[in-house]
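Reading through the structure tokens given below for one structure.
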Amino acid sequence: MTITLFLPKKTSYEHLITTMDARLYEAARRGDTDHLHQLLHENPLILEIVESPLIIACIAGKVEFVKEIIRLKPEIAKEANQDGFSPIHIAAANGHVDIVNELMKVDPSICLLEGRDKMTPLHYAAIKGKAEVIGVLLSSYPECINAATVQLETPLHLAVKTNQLEATKLMVDRIREIKKDEMFNVRDEQGNTVLHLAVWKKQRQVIELLLDSRTCPGSLEVNATNHYGLTALDVLLLFQSEAGDREILEILQAVGARKARDIALSTIPHSQTLRDTCTAPETDQSQQTSVEDYFKFKRGRDSPSTARDTLLVIAILVATATFQVGVNPPGGFWQDTYKTDTKNSSSNIQAHNAGESILGTRNVIGFSLIMFFNTLGFLVSVFMINILTCRFPLQFELQICLAAMSFTYNTALINTAPDKPRLYVILVSTILCSLTPILMKWGRRRIRSLNNV
């Protein structure tokens with residue numbers, strides 16, 4: 001007996017939805033409202049089923065299609081896609097002013113919608129330098145200038161960081177118009193104000209704009225310090241270049257900008273300053289410590305890829321330097337072969353072969369120490385390169401290169417060593433080459449355990 005199973009035909013329904021998705025997205029891309037109504041006639045719930053076609057229309061800049069979608073379903077204007085972008089985020093980033101206007105008509109507070117890392121549409125417009133969009137957002141909802149990202153960055157911070165001069169000018173003017181000069185002193189997670197960032201980026205026009213006489217006197221903290229104890233003047237002196245530093249220095253000094261150290265000293269009574277003169281080195285040391293902390297790697301601020309690239313450059317430099325010492329030891333090589341015999345036994349010249357290290361012949365201990373630490377540095381740097389390039393393309397070929405380089409180093413080292421230290425050199429190069437990965441892993445675990453104590 002044959003048993004026939006009758007299954008629900010889900011595949012045809014799914015195919016219909018997929019086809020309708022494609023047709024709706026194509027209509028959104030073209031801005032074809034007639035096609036939209038045709039699809040709605042076929043399936044009135046299409047806007048409920050299909051992922052927001054409004055975002056496609058915002059990307060393509062189709063204003064009429066956006067208007068029609070909003071008229072049919074206003075709440076769709078506040079929906080975000082799986083990447084955290086709402087329609088107004090997309091429109092603001094692409095500079096579609098008319099679409100931003102239409103979306104703002106649904107609800108002006110829509111400009112406060114937070115996407116990835118709590119970024120609002122104004123943040124994206126500031127990064128992209130979309131001045132017209134910024135004007136629309138601030139005119140409709142001035143409070144959006146206060147929005148801060150996860151890194152506590154305002155739209156003004158981001159405009160300065162990304163060198164968007166027009167966007168910066170517009171926001172500074174609007175901040176002054178609405179009497180919110182305190183926004184100039186808002187700090188990001190590093191404690192930097194917009195003046196810190198403008199000085200760091202050497203943006204003379206932005207600095208002059210911030211220090212304009214239209215700013216309420218005393219509202220801009222020229223000598224505000226960040227979390228590393230640096231004022232704007234400290235940042236200028238710390239990151240010196242030839243890009244108009246002198247002019248920026250004169251502008252800052254004209255408004256009373258000072259170094260953090262000078263401000264600290266000025267708050268101490270004169271008698272106490274004289275009495276504590278001997279402690280000045282400690283003040284210098286604290287200033288130096290703050291600078292060192294500024295450049296230290298910090299998780300969350302510095303990306304792992306940047307740290308990896310930096311370590312890779314350092315490892316390559318160490319490998320290059322130590323390889324050169326290994327194949328060309330200090331003192332050079334003997335150019336001739338000399339054997340002692342009974343006739344010239346009184347000579348001060350020691351027996352040697354052409355191509356052997358002169359230092360290894362005359363100072364065995366010194367040569368041995370140099371080659372031990374040089375070999376250690378070379379092998380550790382090769383080990384670091386191997387780790388930092390893990391899972392890179394052509395990994396097998398890179399491994400062959402590193403192995404060939406290590407073999408060349410060891411062979412050159414052994415063959416240039418004189419007879420006396422040669423056995424020592426062979427043992428050191430062989431043992432270190434085999435044990436370096438194990439020693440490095442053990443050392444990291446040991447340091448980690450000591451730090452946890």
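The values are calculated or read from the model by the stated rules, or taken from the named source; none is laboratory data. Here the structure is a predicted model, which means the values were calculated and not measured. No Cβ is skipped: glycine too gets one built from the backbone with ideal geometry, and neighbour counts run over all protein chains shown. Heads up: the accessible areas ignore ligands, DNA and RNA and are worked out on the full protein's heavy atoms, side chains in. Shrake-Rupley method; radii C 1.70, N 1.55, O 1.52, S 1.80 Å.
Going through the range 126-144 one residue at a time, which ones are within 25 Å of the chain's Cα centre (by Cα) and buried (at least 21 other Cβ atoms within 10 Å of the Cβ)?
Answer for the range 126-144, where residues must be within 25 Å of the chain's Cα centre (by Cα) and buried (at least 21 other Cβ atoms within 10 Å of the Cβ): A126, K130.
Among the residues of the range 155-189, count how many are aromatic (F, W, Y) and either on the phi > 0 side of the Ramachandran plot or touching a Lys or Arg at 6+ places or on another chain (Cβ under 6 Å) (or both).
The total comes to 0.
L211 fails exactly one of the following numbered conditions: (1) open to solvent by 20 Å² or more (accessible area, probe 1.4 Å); (2) in contact (Cβ under 8 Å) with a residue 12 or more places away in the chain; (3) within 25 Å of G95 (Cα to Cα); (4) not polar (S, T, N, Q). What is the number of that condition?
(3)
Only residues in the range 95-107 that are hydrophobic (A, V, I, L, M, F, W, C) count as the first member; pair them with residues that are part of a helix (DSSP H, G or I) and open to solvent by 50 Å² or more (accessible area, probe 1.4 Å), Cβ under 7 angstrom, at least 6 apart or cross-chain, and list the lot.
As it stands, the answer is V97/E132; M104/S140; V106/P74, since those pairs meet every condition given.
I'm trying to understand the selection: among the residues of the range 102-123, which are more than 23 Å from the chain's Cα centre (by Cα) and outside any helix (DSSP H, G or I)?
D107, L113, listed by residue number.
All but one of (1) under 29 Å from P304 (Cβ atoms); (2) open to solvent by less than 50 Å² (accessible area, probe 1.4 Å); (3) at pLDDT 85 or above hold for N374, so report the exception by its number.
(1)
Filter the range 318-346 down to residues that are open to solvent by less than 50 Å² (accessible area, probe 1.4 Å) and modelled with pLDDT under 85 and give me whichever is nearest to L376 (Cα to Cα).
Y338
Return the pairs, sorted by first residue and then second, in which the second residue is modelled with pLDDT under 90 and loosely packed, with under 13 Cβ neighbours inside 10 Å, the first residue lies in the range 310-337 and is under 23 Å from C401 (Cα atoms), the beta carbons are less than 9 Å apart, and the residues are 6+ apart or on different chains.
Every condition considered, the pairs that remain are T310/F297.
Under 6 Å between Cβ atoms, at least 6 apart or on separate chains: pull out the pairs that start in the range 54-76 with a residue that is in contact (Cβ under 8 Å) with a residue 12 or more places away in the chain and buried (at least 21 other Cβ atoms within 10 Å of the Cβ) and end on any residue that is of a type in the set (V, I, T) and assigned to a helix (DSSP H, G or I).
L54/I69; L54/I76; I55/I90; A57/V66; C58/I90; C58/I99; F65/T33; V66/I99
Looking at the range 79-94, which of the residues that are of a type outside the set (A, V, I, L, M, F, W, C) and touching a helix residue (DSSP H, G or I) at 6+ places or on another chain (Cβ under 6 Å) is most open to solvent (accessible area, probe 1.4 Å)?
In this case the residue turns out to be N81.
Identify, from the list R174, R204, the residue that is among the basic types (K, R) and either open to solvent by less than 50 Å² (accessible area, probe 1.4 Å) or within 27 Å of the chain's Cα centre (by Cα) (or both).
Every option except R204 fails the conditions.
Evaluate the following for T306: is it in a helix (DSSP H, G or I), open to solvent by less than 50 Å² (accessible area, probe 1.4 Å) and either modelled with pLDDT under 85 or touching a Gly at 6+ places or on another chain (Cβ under 9 Å) (or both)?
No.
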